[in-house]
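The values are calculated or read from the model by the stated rules, or taken from the named source; none is laboratory data. All figures in this text were calculated on a predicted structure; none of them were measured in a lab. Every residue, glycine as well, gets a Cβ built from its backbone with ideal geometry; the counts of neighbours run over all protein chains shown. Note: accessible area is taken over every heavy atom of the protein model, side chains too, but ligands, DNA and RNA are not part of it. Shrake-Rupley method; radii C 1.70, N 1.55, O 1.52, S 1.80 Å.
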Amino acid sequence: MKLETKSITMRFGGLTAVSGLDMAIEPGEIVGLIGPNGAGKTTAFNMITGVYAPTEGRVLLDGRDITGWSPHRITEAGIARTFQNIRLFGTMSALENVLVGCALRERPTFVGSTLRLPGYRRRERESRAFALELLGQTGLAALADEGATGLPYGVQRRLEIARALATRPSMLLLDEPAAGMNPQESLELMDFIRKVRDEFSLTILLIEHHMQVVMGVCERMYVLDYGLTIAQGEPEAIKRDQKVIEAYLGVE
Amino acid sequence: MKKRNAILTLAAAALLAGLLALGSRYLGGYAMRILNLSAIYVVLALSLNLLNGFTGLFSLGSSGFMAVGAYVSALLTMSPEVKEMNFFLEPLAPALAGLRLPFIPALAAAGLCAALAGLVIALPVLRLRDDYLAIATLGFSEIIRVLITNAQSLTNGAQGLKNIPKSATTWTVWGTAALAVAFMALLTRSSYGRMLKAVRDDEVAAEAMGVNVFRVKVASFTISSFMAGVGGALLGHMITTIDPKMFTFMLTFNILLIVVLGGNGSITGSVIASIAVTVLMEAMRFLDGPLNLGLVKTEGLPGLRMVVFSAMLMAVVIFRQRGLMGDRELTWDALADSGLLPRRRKGGAA
């Protein structure tokens, strides 16, 4: 799916967190959104996913205006996300976490699920099979029945991705997927992101601080600083961009 | 395993029915009344637990919905003569004066009216969270009570209603309690129940997973109101008189206490606590009378029962912060794992 933001702006009182962000992400791309802390990256995510309604500007998904839609409708339209500070369902097992994601397409009704009607049973079986398949593809099959919060940090991040995939998205937004990972894990994550994109034919937009990951996996990137877009382009060009070096990579 | 559990559940239900049959034969009216009251509390506690424990909505509105249910069911089942006797200050609205339904349909109507009230209240208040939601629901339940007090020609106002048919027999209350338990067990273990729990665990994440959080909350609130309405109706048909003062916050408080004591998010916890609290509150009545403890003699301290009960409560909360059961359930599988059920496996019992 093609995602476009048409000069979206978010103001909180006097503070402009994001100012006139223009992005165009083509189907199948892996695009990075980078910038120093407080540059407005997560705010941009929140505007795209409906957590905030942009103060100005529009968000288009395949040309359809989804500005100001509620988050669950945007997820239904095909944009799934993960969170910077992991937000798994704490009292549930890994499998149940993924099953919550499956519920979006399963559409359980109150009556159908309480009375265990045949249609519900069939769809629930399908969801369970799909959830287990996802856990297998993300390397979590052995942990299906483990409590989500007891899992190691890196595993929790992968579980969040599995859960997002359960909503059958066409676009995935990853908020700092490599946060807290060691270099080895980060390398694995890069492969994992590419693999996920290919297997699920996704478009991926990711926020990341870990430069090795961003430069390694992203085909294009946007650089924010104080809410303004200061650069965009391919990794090699970004590395050489004077403004980016000053704002972010550090002046030599 | 599934088959074994189903057989055990049926056996337990049959055992309960057998015990109740024996009880109503030999235990006498007073003891059975206490047991029946605890069955009504099972329904009410589950209704509140659905909100507080399973959907994470801190609601304090139970008594209001109970009042709606109790009045609807009472007005639908009383005979025209009893109605005329009750409404001596101002006659009952003509539309209701002649209307009469059998007990079970009236019970369903009570639930539906409470659910409707719940739905109407849910739409504005469920935009609030946590303590604000608690205060708003508390306020609405008080509003319902005030409305009932003042709608003289509908509810007979502060005089209340007397001579309500005594239809809440052992079988109807325990049957309703069993239905409520079965319903909650089926709901919370279903895909829909998982959505409720997702909202409880993390609203933002649930919404991002495509769960329509607001709709799920409204559904949960409406269902819970339905159950509270049925519970309130049963209470009316057991005591046979109702008046607005019965449905104050104290009633909600009792139910909340049972839910917290049993464990937020535990069905079996609510059941155990409902029975334990109701029975204990009665069993400790002797504390209010004259006591002879050898060295200490009292001539009767009214309220001592509540002091002892509160001390017991504090002990439970200190030693088991999340209630007796936490958010776990007492299931057949758990019993089997703890070795309390005989196991049939090759090579003998484990």
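Among the residues of segment A:59-82 satisfying the criterion of being free of Cβ contacts under 8 Å to residues at least 60 places away in the same chain and among the small types (Gly, Ala, Ser), which is farthest from the other protein chains (Cβ to nearest Cβ)? It comes out as A:68. Filtering segment A:83-105 to residues that are more than 18 Å from the chain's Cα centre (by Cα), more than 7 Å from chain B (Cβ to nearest Cβ) and assigned to a helix (DSSP H, G or I) leaves A:94, A:95, A:105. The residues in segment B:114-159 that are in a helix (DSSP H, G or I) and under 30 Å from residue B:201 (Cα atoms) can be counted, and the count is 25.
Looking only at segment A:51-82, filter to residues that are part of a loop (DSSP other than H, G, I, E, B) and of a type in the set (S, T, N, Q); which one of those is nearest to residue A:15 (Cα to Cα)? Out of the qualifying residues, it is A:55. If you check residue A:91 against the conditions, is it open to solvent by 40 Å² or more (accessible area, probe 1.4 Å), modelled with pLDDT under 95 and farther than 30 Å from residue A:211 by Cβ? For residue A:91, the condition - open to solvent by 40 Å² or more (accessible area, probe 1.4 Å), modelled with pLDDT under 95 and farther than 30 Å from residue A:211 by Cβ - is met. For segment B:184-196, the criterion of being within 13 Å of chain A (Cβ to nearest Cβ) and in contact with a Lys or Arg (Cβ under 6 Å, 6 or more places away or on another chain) is satisfied by no residue at all. In summary, strands (runs of 3 or more DSSP E) completely within segment A:170-252 and bearing 1 or more residues that are touching a Lys or Arg at 6+ places or on another chain (Cβ under 8 Å), surrounded by fewer than 21 Cβ atoms within 10 Å (Cβ to Cβ) and on the phi > 0 side of the Ramachandran plot occur at A:228-233.
Residue count for segment A:110-169 under the criterion of being assigned to a helix (DSSP H, G or I), of a type in the set (Val, Ile, Thr), within 11 Å of another protein chain (Cβ to nearest Cβ) and in contact (Cβ under 8 Å) with a residue 40 or more places away in the chain: the result is 1. When segment B:116-140 is filtered for residues that are open to solvent by less than 50 Å² (accessible area, probe 1.4 Å) and over 14 Å from residue B:71 (Cα atoms), the ones remaining, listed by number, are B:118, B:121, B:122, B:125, B:126, B:133, B:134, B:136, B:137, B:139.
How about segment B:5-30: which of its residues are touching an Asp or Glu at 6+ places or on another chain (Cβ under 9 Å) and over 19 Å from residue B:179 (Cβ atoms)? B:30, the sole residue that qualifies. Within segment B:89-100, the set of residues being farther than 17 Å from residue B:242 by Cβ and open to solvent by 40 Å² or more (accessible area, probe 1.4 Å) comprises B:90, B:91, B:94, B:95, B:98, B:99, B:100. Only one entry in B:146, B:181, B:211, B:204 is open to solvent by less than 20 Å² (accessible area, probe 1.4 Å) and of a type in the set (Val, Ile, Thr), namely B:211.
Inside segment A:117-141, residues that are open to solvent by less than 80 Å² (accessible area, probe 1.4 Å) and among the acidic types (Asp, Glu) make up a count of 1.
Restricting B:66, B:85 to those that are assigned to a helix (DSSP H, G or I) and open to solvent by 70 Å² or more (accessible area, probe 1.4 Å) reduces the list to B:85. Annotation: of all residues in segment B:280-312 being open to solvent by 60 Å² or more (accessible area, probe 1.4 Å) and in contact (Cβ under 8 Å) with a residue 24 or more places away in the chain, the one that is farthest from the chain's Cα centre (by Cα) is B:312. Among residues belonging to segment B:197-212 that are of a type outside the set (Gly, Ala, Ser) and within 7 Å of another protein chain (Cβ to nearest Cβ), point out the one that is farthest from residue A:46 (Cα to Cα). Within segment B:197-212, the match that is farthest from residue A:46 (Cα to Cα) is B:197. Residue pairs whose Cβ atoms lie under 8 Å apart, separated by 6 or more positions or on different chains, with the first residue in segment B:134-150 and among the aromatic types (Phe, Trp, Tyr) and the second surrounded by 19 or more Cβ atoms within 10 Å (Cβ to Cβ) and outside any helix (DSSP H, G or I), are B:140/B:61. On the given criteria, is residue A:70 surrounded by 15 or more Cβ atoms within 10 Å (Cβ to Cβ) and under 29 Å from residue A:147 (Cβ atoms)? No, not satisfied.
Residue check: residue B:250 meets all listed conditions (1) at the interface with chain A (Cβ under 9 Å from one of its Cβ atoms); (2) open to solvent by 20 Å² or more (accessible area, probe 1.4 Å); (3) among the aliphatic types (A, V, I, L, M) but one, namely (1).
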